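Quick notes on the structure that follows.
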Amino acid sequence: MQTMRVFKKYLPLMVAKHVKTFFKGRIYIHGRGRFDFQSGLLLMPTPADIPHRQTVLEVNELISRLHMDAA
C-alpha cells in the first residue's frame, strides 16, 4: 500500500524535493489533482488536462535542476 502526501498549496520546489527524495509514490495537490511518480519524476496522467501537463513539466524541470546542482 502506498501512502499519499497531500500538499495544501502548490509549491513546485517542495513538490520536486519530495518526488526526488521518495522516488516512487503518489501525491495530491489541492487545486491541481492527484499525481503518481516513479523513478524520481512525476508521471504524465492519461488523459492529462492542461493544469496536470503544466504541473508535470514544471516539477520535472525543477527535479532536473536539482540533480544538476547536486553534481
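Of the residues in the stretch 23-35, at least one is on the phi > 0 side of the Ramachandran plot, at pLDDT below 90 and out of contact with any Lys or Arg (no Cβ under 6 Å at 6 or more places or on another chain). Can you work out which of the residues in the stretch 45-57 that are surrounded by fewer than 16 Cβ atoms within 10 Å (Cβ to Cβ) and at pLDDT 95 or above is nearest to the chain's Cα centre (by Cα)? Among those residues, the one meeting the criterion is L57.
Would you mind finding the one in D69, D36 that is open to solvent by 30 Å² or more (accessible area, probe 1.4 Å), assigned to a helix (DSSP H, G or I) and not β-branched (V, I, T)? I'd like the intermediate steps shown before the answer.
On the way: D36 fails: assigned to a helix (DSSP H, G or I).
Exactly one of D69, D36 is open to solvent by 30 Å² or more (accessible area, probe 1.4 Å), assigned to a helix (DSSP H, G or I) and not β-branched (V, I, T), namely D69.
Looking at T3, T21, can you tell me which residue is open to solvent by 90 Å² or more (accessible area, probe 1.4 Å) and either more than 24 Å from M68 (Cα to Cα) or in contact with a Leu (Cβ under 7 Å, 6 or more places away or on another chain) (or both)? Within the list T3, T21, the selection yields T3.
The values are calculated or read from the model by the stated rules, or taken from the named source; none is laboratory data. Keep in mind it's a predicted model, so treat the numbers as computed, not measured. Heads up, the Cβs are rebuilt from the backbone with ideal geometry, glycines too, and the neighbour counts pull from every protein chain shown. Just so you know, the surface numbers come from the protein's heavy atoms only, side chains and all, with ligands and any DNA or RNA stripped out. Shrake-Rupley method; radii C 1.70, N 1.55, O 1.52, S 1.80 Å.
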